[in-house]
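Have a look at the structure below, then the notes.
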Amino acid sequence: MQIYFSPEIINPHFQVLNVVDSTNKAVGNVAILFEEKKLYVYGILEEEGVGSDFKDLVTPYLKGLSKATSGLDIFSCLYVGCKKINLNNEDEPK
């Protein structure tokens, strides 16, 4: 299943992005909060079978956002189903 971002709200302080499948059905969401030199990310995806696609969608998006501010610290909490995923592959459950 292909998944995509569908912006719900975007402003200079935060973003809320729906995660939708190819039929435009919402299957999750991502919330991003900007606070000076910090970026807080919370996301959850309902479908466990597309966890790697979710990670592949979020990672380059956050890298692009981090280019706007040098020295930006990113704090993330992402879940696929009930399992937490890490963007940097460290201590990721198998």
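The values are calculated or read from the model by the stated rules, or taken from the named source; none is laboratory data. Bear in mind the structure is a predicted one, so any value in this text is a computation, not a measurement. When we count neighbours, we look across all protein chains shown, and the Cβ atoms used for this are built from the backbone with ideal geometry, even at glycine. For the accessible areas, the whole protein counts, side chains as well, though only heavy atoms, and no ligand, DNA or RNA atoms are used. Shrake-Rupley method; radii C 1.70, N 1.55, O 1.52, S 1.80 Å.
General remarks:
- Separation of the stretch 1-40 and the stretch 52-87, taken as the distance between their Cα centroids, equals 11 angstrom.
- Between 0 and 90°, nearest 10: helix 51-66 axis offset from the chain longest Cα axis: 20
- For the chain, the antiparallel share of DSSP beta bridges with both residues in that region comes to about 75%.
- Cross-linked pairs Lys25/Lys67; Lys25/Lys63; Lys37/Lys84; Lys38/Lys63; Lys38/Lys67; Lys37/Lys63: Cα-Cα separations exceed 20 Å for Lys25/Lys67; Lys25/Lys63; Lys37/Lys84.
- Heavy atoms of the protein chains alone define the surface here; on that basis the stretch 1-50 has 62 Å² accessible area per residue at 1.4 Å probe size.
- Kirkwood radius, the chain, all distinct C-alpha pairs, inverse of mean reciprocal distance: 13.6 Å.
- The accessible surface of the stretch 3-42, taken with every protein chain in place and a 1.4 Å probe, is 56 percent carbon and sulfur.
- Extending 7 Å from the Cα toward the beta-carbon at both Asn18 and Thr69 defines two label points whose distance is 2.8 nm.
- Among the GluC sites (Glu not before Pro) found in the stretch 1-72, those both in a DSSP coil and sparsely packed, with 16 or fewer other Cβ atoms within 10 Å of their Cβ, are Glu36, Glu46, Glu47.
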